[in-house]
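Heads up, the thing below is written out as structure tokens.
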Amino acid sequence: TVYLFPAREPIDMNLIEDSTFDIEAWWSRRQARRAAITENYYLSVGTGSSEPQGFVTGSSKGRDCASATAYSYADVAALYASLASEYRDNISWFCGGPDEGLIRSLTGSPAYFAGSGVQSLGNFGFPQGAGGFIDLKSKVFNAADMDAIAASKKPLVCANLAAGYAVLERKVLTIVRDMSLISYGMIQIVTFFRMSGYVTNSVAVRHLLTPSA
């Protein structure tokens, strides 16, 4: 199913015509950002019921985390190893920003990740998609809508999305004027896009599952 995401904003016609700056262009930028945030939310944690299925929801369990409050090197390494070898060529990791910090701060042999310990790159300020865990050629992305590590959560996902996840976009962001309220001195700016996503191969998309307590 491909879902429709519309937005409608009535704006006073005089405000549009008399403004010293381009309100419609400003609104378009806001809606483009809204569309990106909406996509990020549903493609990461969407339930798949009456909305797109996120990669967290559709993933399969790769590892039971030993703790509900802390990561270990063994947990992260085992999650990576839970992916079949044919899916390890294009790995991406997903977690919240604070959880990335927890993983990168693990110390002790052999728990060294880029940004700490003997394999330090000398810079913790990795941009999105840099400095992967275990395999340093992999990528790490912060998905703000994912749960932080806690009881009965999926705080970390290791995936080959090219092999296990599909994104469908039937229409890019469209912006049109609706003149139906012109007699009231109002113009409605309507924006919409259609998209969906779902896990196509759950063995290529693995999550770490924390215990109930």
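The values are calculated or read from the model by the stated rules, or taken from the named source; none is laboratory data. All of these numbers come straight from a predicted model, not from anything done at the bench. Neighbour counts run over all protein chains shown; Cβ positions are idealised from the backbone, glycine included. Remember, those area values only see protein heavy atoms, side chains included, never the ligands or the DNA or RNA. Shrake-Rupley method; radii C 1.70, N 1.55, O 1.52, S 1.80 Å.
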Sequence neighbours fewer than 8 away in the same chain don't count; with that in mind, list the lysines whose C-alpha is under 18 Å from LYS171. none
Quick one: with all protein chains in place, what share of the accessible area of the chain is carbon or sulfur, to the nearest percent (1.4 Å probe)? 52 percent
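Multiply the residue separation of PHE192 and LYS61 by 0.36 nm, subtract the distance between their alpha-carbon atoms, and state the gained length in nm to one decimal. Walk me through the intermediate numbers first.
Numbers: separation 131, 0.36 × 131 = 47.16 nm, distance 3.49 nm.
Between PHE192 and LYS61, full extension yields 43.7 nm more.
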State in Å² the accessible area per residue of the range 1-88; use a 1.4 Å probe, count heavy atoms of protein chains only, and round to the nearest integer. 55 Å²
Relative contact order of the chain: what whole-number percent is it, with Cα pairs under 8 angstrom and at least 6 residues apart? 33 percent
Rounded to the nearest 500, what is the 222 nm mean residue ellipticity of the chain from helices alone, with -39500 (n - 2.57) per DSSP H run of 4+ residues and division by all residues? -7000 deg cm²/dmol
Hey, what D do you get for the chain in µm²/s if you plug the Kirkwood alpha-carbon radius into Stokes-Einstein at 4 °C and 1.567 mPa s? 67 µm²/s
I'd like to compare 34-40, 142-148, 57-63: which one has the highest average count of other Cβ atoms within 10 Å, and what's the full order after that? 57-63, 142-148, 34-40
I want to verify the translational diffusion coefficient of the range 129-213 in µm²/s; compute it with Stokes-Einstein, Rh as the Kirkwood radius over Cα pairs, at 37 °C and 0.692 mPa s. 196 µm²/s
So for the range 16-62, averaging the separation of alpha carbon pairs under 8 Å that are six or more residues apart and normalising by length, what relative contact order in percent results? 20 percent
